[in-house]
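The structure under discussion appears below in the form of structure tokens.
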Amino acid sequence: MKRRHFIAAAFAVLAAPAMAQKIPLGELAGYINGITSAKSGFTQVNDDGSITTGEIFIKRPGRARFDYAAPDNSLVIAGGGQVAIFDPKSNVPPEQFPLARTPLNLILGRNIDFNKSNMIVGHAEDGEATVVTVQDPKHPEYGNIQLKFTGNPIQLRQWVITNDAGQQTTVIMQSLEKTSSIPSRMFNIPQEIQARGLN
């Protein structure tokens with residue numbers, strides 16, 4: 001529990017001052033749609049309470065890469081409509097599943113529209129940030145993603161993914177920065193498999 005309290009305190013330092021105004025859904029969607037390439041360091045709190053760190057790269061639409069730092073050294077790539085989990089301790093191909101079946105797909109889509117019926121299941125201001133909970137309106141059983149935004153200017157600070165099994169993963173961004181370009185090869189799952197000699 002101490003680790004969880006530490007992460008909560010660390011986020012509070014990054015968050016905006018108390019009594020922040022709730023940011024309208026249209027502005028939040030516009031902010032996400034305005035992200036084409038971005039990167040940030042991150043801290044991840046897993047469902048079992050363990051903590052990992054690393055760097056995330058986002059290239060919308062449909063692509064993300066999580067490079068985990070030592071001693072974990074795992075790699076997760078979303079690209080080509082798939083999510084692949086590379087285990088550095090294994091010599092077998094990565095576990096893969098459709099991106100569309102994950103809540104992360106809800107912020108990697110080409111055109112985010114939070115006004116779709118039954119997509120938003122929560123929109124509130126917690127004293128520090130605007131919190132929005134999003135689900136796939138056609139498949140709520142896939143889970144949801146809770147997003148935390150600070151304002152002036154709007155910035156995505158954190159998300160909490162609840163998967164179809166009810167497990168939660170929290171990702172806290174250090175500072176999500178837009179970049180001019182990120183090479184597409186970083187999100188190419190077949191190319192990564194070949195580079196690692198796993199095919």
When you scan segment 120-134, do you find a residue that is farther than 18 Å from Gly62 by Cα, assigned to a strand (DSSP E or B), in contact (Cβ under 8 Å) with a residue 60 or more places away in the chain and of a type in the set (Asp, Glu), even just one? yes
Could you please let me know if Arg101 is within 12 Å of the chain's Cα centre (by Cα) and at negative phi? no
Residues that are open to solvent by less than 60 Å² (accessible area, probe 1.4 Å), closer than 20 Å to Arg65 by Cα and at pLDDT 95 or above: does segment 116-129 have at least one? no
Just one of (1) open to solvent by 20 Å² or more (accessible area, probe 1.4 Å); (2) among the aliphatic types (A, V, I, L, M); (3) in contact with a strand residue (DSSP E or B) (Cβ under 6 Å, 6 or more places away or on another chain) trips up Ile145, so point out which. (1)
Qualifying residues in segment 70-86 (those that are surrounded by 13 or more Cβ atoms within 10 Å (Cβ to Cβ) and out of contact with any helix residue (DSSP H, G or I) (no Cβ under 9 Å at 6 or more places or on another chain)) - the one nearest to Thr133 (Cα to Cα): Val76
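Among the residues of segment 152-168, count how many are out of contact with any helix residue (DSSP H, G or I) (no Cβ under 9 Å at 6 or more places or on another chain) and part of a loop (DSSP other than H, G, I, E, B). Can you show your working first?
Here is the first cut: in segment 152-168, the residues out of contact with any helix residue (DSSP H, G or I) (no Cβ under 9 Å at 6 or more places or on another chain) are 152, 160-162, 165-168.
Restricting the remaining residues to those that are part of a loop (DSSP other than H, G, I, E, B) gives 152, 165-167.
The qualifying residues number 4.
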What tally of residues in segment 169-195 results from selecting those that are surrounded by 12 or more Cβ atoms within 10 Å (Cβ to Cβ) and part of a helix (DSSP H, G or I)? 7
Would you check if there is a residue in segment 92-111 being in a strand (DSSP E or B), open to solvent by 40 Å² or more (accessible area, probe 1.4 Å) and in contact with an Asp or Glu (Cβ under 9 Å, 6 or more places away or on another chain)? yes
Residue check: is Thr170 over 19 Å from Gly49 (Cα atoms), polar (S, T, N, Q) and at pLDDT 95 or above? no
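The values are calculated or read from the model by the stated rules, or taken from the named source; none is laboratory data. Bear in mind that the values here come from a model prediction, so they are computed numbers and not experimental data. FYI the Cβ positions are ideal-geometry reconstructions off the backbone, even for glycines, and counts take in every protein chain you see. The protein model used for the area step is the full one, side chains on, heavy atoms only, and it has no ligands, DNA or RNA in it. Shrake-Rupley method; radii C 1.70, N 1.55, O 1.52, S 1.80 Å.
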